[in-house]
Amino acid sequence: MYIPVKQQARTVTAKYVIAGGDKNGQQFAPDSQIQVFYAQTGSLNVANNTITYGNWQWVKQQVIQQRQDLK
């Protein structure tokens with residue numbers, strides 16, 4: 001039996017602002033974005049023929065590949 005791996009992607013935005021001082025809250029660099037990928041694997045419970053999925057896990061390889069593609 002084939003058990004599909006669930007996958008999701010999220011875009012994370014980093015905002016660079018000064019914290020404190022007379023320039024508190026001012027942006028000092030442009031925002032940057034990166035996509036973060038997650039996967040969730042399942043297992044078959046043969047007793048009741050249902051699929052149970054575990055916790056979402058960060059897929060590091062896709063982030064590394066994305067960075068290499070940008071170069």
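Please treat every number below as a calculation from the coordinates, not as lab data. Note that the structure is predicted; figures quoted are calculated from it, not measured.
The slack between Ala19 and Trp58, meaning 0.36 nm per residue of separation minus the straight C-alpha distance, is 11.1 nm. Counted residue by residue at 0.36 nm each, then reduced by the alpha carbon distance between them, the extension gain from Gln27 to Ile3 reaches 4.0 nm.
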